[in-house]
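The values are calculated or read from the model by the stated rules, or taken from the named source; none is laboratory data. As the structure is a computational prediction, the values presented were derived from the model and not from experiment. Every residue, glycine as well, gets a Cβ built from its backbone with ideal geometry; the counts of neighbours run over all protein chains shown.
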Amino acid sequence: MKPQPASTVVLVRQAVSDIEVLLLLRNRHLVFNSEHWVFPGGRIDPVDYPDADCQQEYHAALRAAVRETQEEAGISIEPGALRHIAHWTTPEGYSRRFATWFFLGSLHEQVSIKVDQQEIIDFCWLPPRSALLANQRGELKLPEPTLQTLRSIAQYRDTQTLHDALALRPVHIFPEHSADYPKHCIPS
């Protein structure tokens, strides 16, 4: 089964002595990742594609990230403020497969979170290390891409250092050399 294109946003904000990430709780009635804490995101819809040009998949992923963040958490973000940090493809054998673009974005002002109470039923802001510890204790269920992303940013204590470090890293591709990652479609 060919994976569906999807997009997600790792939203971070500066707390007093650490960064915090926004995690959303998926409804238990959902088929995919029910009762898991995830970053805002979802499927790239046809409306996200402006035309059939190859480079437009990247731009469609940005648009989907912005749209999904608004739909699921009530937060408006600008596509130009997002940094592409990863691309995850669900392995073969799962009933649903996604080829997901991961973006990082920082919030510099206080925002009100308004979950949709359908797909998303709750939210929390947590330092990455706290989320990882809560997952280890069985208090939060995290899907593998969320877990691995949190591990990759847990060492950073401020948003500027995080952004600077990620600017120097290559985009994380899973699985490595994935045929589902259209690297030729990313604008330079």
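Do we have any residue at all in segment 142-151 that's within 18 Å of Gln14 (Cβ to Cβ) and basic (Lys, Arg)?
Within segment 142-151, not a single residue is within 18 Å of Gln14 (Cβ to Cβ) and basic (Lys, Arg).
Can you name the residue in segment 60-91 that is in contact (Cβ under 8 Å) with a residue 12 or more places away in the chain and part of a loop (DSSP other than H, G, I, E, B) and is also surrounded by the fewest Cβ atoms within 10 Å (Cβ to Cβ) among such residues?
Out of the qualifying residues, it is Glu78.
Can you give me the number of residues within segment 1-44 that are more than 16 Å from the chain's Cα centre (by Cα), closer than 15 Å to Leu142 by Cα and modelled with pLDDT of 85 or more?
Matching residues across segment 1-44 total 1.
Within segment 127-153, work out how many residues are outside any helix (DSSP H, G or I) and either β-branched (Val, Ile, Thr) or within 13 Å of Val38 (Cβ to Cβ) (or both).
4
Of the residues Ser188, Ser178, Ser130, only one is of a type in the set (S, T, N, Q) and at pLDDT 95 or above; which?
Ser130
Does Val115 qualify as being β-branched (Val, Ile, Thr) and either under 25 Å from Ser17 (Cα atoms) or in a strand (DSSP E or B) (or both)?
Judged against the criteria, Val115 is not a match.
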